[in-house]
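Take a look at the structure set out below.
The values are calculated or read from the model by the stated rules, or taken from the named source; none is laboratory data. Please read these numbers as outputs of a predicted model, since none were measured by experiment. Backbone-built Cβ (ideal geometry, glycine too); neighbour counts: all protein chains shown.
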Amino acid sequence: EIIYEKRRKLLENSDIHGEVLEMIRLESENIVEIHTANRESHKWGISEIFSDVIAFHKPKSLFESEQFTLEILKKCKSTDEMKSLVIEYLTNSFEEKQSEFPEKKMSERAERMVNLRIIDTLFMEHIETMSRLKEQVSLRAYGQRDPLMEYKGDAYHIFTKLLADIRRGTLTTLFHMDIDSMFPKQTPVQMTTNSSEISEELNHPKNAITQEQLDKAGRNDPCPCGSGKKFKKCCGA
């Protein structure tokens, strides 16, 4: 039901961008928690945290690289400080990437479509996993274990992993999208001009002429516009 509710909200134009930012917050906290489970800070996997974050978004500029470094991460005095640092870095990086879309509605459409595709793909795999779990649990009953309790316990862990995989898959796809190839920048068209024609027009501007003057002018007569050219090579061309 939770998955169906997620799909329904996505299709009903929910705040998809806000949901993606929430995914970034949850994933950032998860990365830090995984590598700081040990209470002894000297055993924390700081390098692993840095590698996991960079796997989502590698700095593209000197400014970005200065905002999030292994040295800065090592200076954090608590897990909460690390979480805040990671959330800020990934959020800013994502906002910067989405700004590459020509229009905001295009970036939101991409967020929505990616999230839907990841949900549908992983949920189908989840259904197959749950079917296999039922078969496995029924066999455990022969080992004098409560099959219902076994099923509930395993089902909870599998579903929790599904939600994490949806979050991680959505973020990975969005962060790694090649927006430049989707919307190549247009090369400005160079206008070619004939300098002699421009000079001629400035030095000998054409006068307003009537239809009667045009009708009376011979092909070899001076053009009535005052350009100095023959009529056949000017207004009579």
### Residues that are within 18 Å of Gly18 (Cα to Cα) and surrounded by 15 or more Cβ atoms within 10 Å (Cβ to Cβ), drawn from the stretch 107-135
Ser107, Glu108, Ala110, Glu111, Arg112, Val114, Asn115, Leu116, Ile118, Ile119
### Message
Any residue at all in the stretch 183-194 that's under 30 Å from Asn13 (Cβ atoms), modelled with pLDDT under 85, surrounded by 12 or more Cβ atoms within 10 Å (Cβ to Cβ) and out of contact with any Cys (no Cβ under 6 Å at 6 or more places or on another chain)?
### Response
yes
### Query
Among Ser99, Ser138, which is closer than 29 Å to Ser14 by Cα and of a type in the set (Ser, Thr, Tyr)?
Ser99
### Message
Can you confirm whether His35 is in the same structural domain as Met82 (by TED's automatic domain parsing), at pLDDT 95 or above and under 20 Å from Asp80 (Cβ atoms)?
### Response
yes
### Task
Given the conditions (1) under 22 Å from Lys97 (Cα atoms); (2) surrounded by fewer than 20 Cβ atoms within 10 Å (Cβ to Cβ), report the number of the one that Val53 does not fulfil.
(2)
### the stretch 56-74, residues that are within 24 Å of Glu33 (Cβ to Cβ), free of Cβ contacts under 8 Å to residues at least 60 places away in the same chain and either of a type outside the set (Asp, Glu) or surrounded by 14 or more Cβ atoms within 10 Å (Cβ to Cβ) (or both)
Lys58, Pro59, Gln67, Phe68, Thr69, Leu70, Ile72, Leu73, Lys74
### Message
All but one of (1) at pLDDT 90 or above; (2) loosely packed, with under 15 Cβ neighbours inside 10 Å hold for Asp15; state the number of the condition that does not hold.
### Response
(1)
### Message
Residues to consider are Thr79, Thr36; find the one that is touching a Gly at 6+ places or on another chain (Cβ under 8 Å), hydroxyl-bearing (Ser, Thr, Tyr) and touching a residue at least 12 places away in the same chain (Cβ under 8 Å).
### Response
Thr36
### Residue check, Ile31 in contact with a His (Cβ under 9 Å, 6 or more places away or on another chain) and crowded, with 19+ Cβ neighbours inside 10 Å
no
